[in-house]
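The values are calculated or read from the model by the stated rules, or taken from the named source; none is laboratory data. Only a predicted model underlies this, so the values are computations on that prediction, with no experimental measurement involved. Positions of Cβ are backbone-derived with ideal geometry, glycine not excepted, and every protein chain shown enters the neighbour counts.
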Amino acid sequence: MKPIRLIRGFLTVGAWTLLSRVAGFARDVLTAAYLGTGPVAEAFLVAFTLPNMFRRFFAEGAFNTAFVPLFSKKLEAGEDPKGFAEDAMSGLAFVVLLVSVVAMVAMPWLVLAMAGGFAGDERLPLAVEFGRICFPYILFISLTALLSGLLNAGGRFIAAAGAPVLLNLIFIAAMVAADHLGWDMGLTMAWATPVTGLAQLALVWIAAARMGFPLRLRRPRMTPDLRRLLAIAFPAVLAGGVVQINLLVGRQVGSFFDGAIAWLSYADRLYQLPLGVVGIAIGIVLLPDLSRRLKAGDSFGSRYAYSRATEFALFLTVPAGVALCVISVPLISVLYERGAFGPEDTGPTALALAVYGAGLPAFVLQKVLQPLYFAREDTATPFRFAVWSMVVNAALAIGLAPVMGFVAAALGTTLAGWAMTLQLWWGTRAMGEAAAYDDRLRTRLPRVILASAVMGLVLWGASQGLSEQLSAEGHRYWALAALVLAGLGVYGAAAWGFGAFRFADFRGGTPRQR
């Protein structure tokens, strides 16, 4: 077996994901400037969430969770991986097409399920109109997700990781064009949505063809392999449903507070930056690597890969989470406060960001822990854990909303994330040495936490010292840049000084078992 080089894979996917998230942030800055937090903004955000919710439900969530391990093992053993991939793609396209037709008819009820607070006001018809335009995106992006899983299993990460960049660039171009040409901004963004899906699908299909997998749609058929795929995917579908219920709870709570859906969405985008760069990159690279190692009986390599993925995740996300908590107000005020997004929006958005930041390490660790189950074709256990996390989320978000307001939705998400992570970690104890942390990770984790604490103290002091510059129109950008660079420098120096990392760690490769 030629194993996937983990660190190189993490860095490749992470770099492209970073570019995508930066472009996505630019998209959100323009959205905030053009639409603010008003009814058109909230209607579009709900409409755009609908196909993305189903995308995670069918494609990247449930379907790829089952498809990637099976395809990876067939690729490793040379058991007709192309035929299996074509059967999977044809079945997925058929199901998603049916769902799309039903969703277009039932759009008013879907919108109300997402945001009951829209009932009886102008946001409902807007969201229904935008939703019907946006929803075909799910077909294109679901097929994109499957082809991305195929590419990742073969160690080809660039096209799959770069595809989301197209989405953000197309959105940015559409908004700029609408502003210059006088088009309706909400409708322009809605029509741009399916265009982005088609562009991403074309990119990954070409990459898959170059890899030797020019897949073609054919008449769906139920093969033994597809039955096995569905058997594994079914609990993952249920787990995906639980995740979407968590999202629905947050949206429902937010819809009863004016502006809250936008506040939560903008805060979510900012904390998704480190989550995407680190967590998603690790999940994408680790799942096919573990699947192939298990097929080859490489327990030592599996343990090493798991430990290095955890170490890499915590080294980057613990300080990121601390920073989001400590300097949330400067981040939001400098990055978002312009145009229709005013000072009155900064405080609530920053509060949501700080709450999300406290859960960032948990959200990323889930991306490390879940592949341990999925590589073993176990999707039932994570589903059970997800149900309990859903209960935690709903109880906190709904129960605390009358007391805490909209921020209860963010708190429920964060604490449910930690509940899910702890359950996943506890469940790995039955997997033996292949899922145990090694000595290097146990030694370095406390040092990462200590270095992050030092960085947090410095950031807090520096933000107080730069408070006037951070609020001054002509100085706030360089002041925030200085604040971020100071945090990076202090954390890097502290982490190296405490022994949280060594430069030799970035050479990659898996040592041989002695």
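Structure summary
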{"quantity": "Some residue of region 464-484 being over 28 Å from Gly342 (Cβ atoms) and either surrounded by fewer than 14 Cβ atoms within 10 Å (Cβ to Cβ) or over 26 Å from the mean Cα position of the chain (by Cα) (or both)", "calculated": "no"}
{"quantity": "Hits in region 209-242 - residues which are touching a Gly at 6+ places or on another chain (Cβ under 9 Å), surrounded by 12 or more Cβ atoms within 10 Å (Cβ to Cβ) and modelled with pLDDT of 85 or more", "calculated": "Met211, Phe213"}
{"quantity": "Inter-residue pairs, beta-carbon under 6 Å, first in the same structural domain as Phe94 (by TED's automatic domain parsing) and within 18 Å of Phe213 (Cα to Cα) and in region 125-148, second crowded, with 24+ Cβ neighbours inside 10 Å and among the charged types (D, E, K, R), 6+ apart", "calculated": "none"}
{"quantity": "Cβ pairs under 6 Å, 6+ apart, first in region 352-377 and in the same structural domain as Ile327 (by TED's automatic domain parsing) and in a loop (DSSP other than H, G, I, E, B), second surrounded by fewer than 23 Cβ atoms within 10 Å (Cβ to Cβ) and of a type in the set (Val, Ile, Thr)", "calculated": "Glu377/Ile232"}
{"quantity": "Residues of region 485-514 satisfying the condition of being buried (at least 16 other Cβ atoms within 10 Å of the Cβ) and either more than 28 Å from Trp460 (Cα to Cα) or at pLDDT below 90 (or both)", "calculated": "Ala500, Phe501, Thr510"}
{"quantity": "Selection within region 391-438 - buried (at least 22 other Cβ atoms within 10 Å of the Cβ) and part of a loop (DSSP other than H, G, I, E, B)", "calculated": "Phe406"}
{"quantity": "Given (1) at pLDDT 90 or above; (2) within 25 Å of Gln252 (Cα to Cα); (3) of a type outside the set (Asp, Glu), number of the condition Ala386 does not satisfy", "calculated": "(1)"}
{"quantity": "Which numbered condition Phe341 fails, given (1) under 21 Å from the mean Cα position of the chain (by Cα); (2) surrounded by 24 or more Cβ atoms within 10 Å (Cβ to Cβ); (3) over 16 Å from Asn246 (Cβ atoms)", "calculated": "(1)"}
{"quantity": "Residues of region 100-112 satisfying the condition of being surrounded by 16 or more Cβ atoms within 10 Å (Cβ to Cβ) and more than 21 Å from Trp191 (Cβ to Cβ)", "calculated": "Leu112"}
{"quantity": "Cβ pairs under 7 Å, 6+ apart, first in region 323-350 and in contact (Cβ under 8 Å) with a residue 40 or more places away in the chain and not assigned by TED's automatic domain parsing to the domain that holds Ser265, second of a type outside the set (A, V, I, L, M, F, W, C) and not in a helix (DSSP H, G or I)", "calculated": "none"}
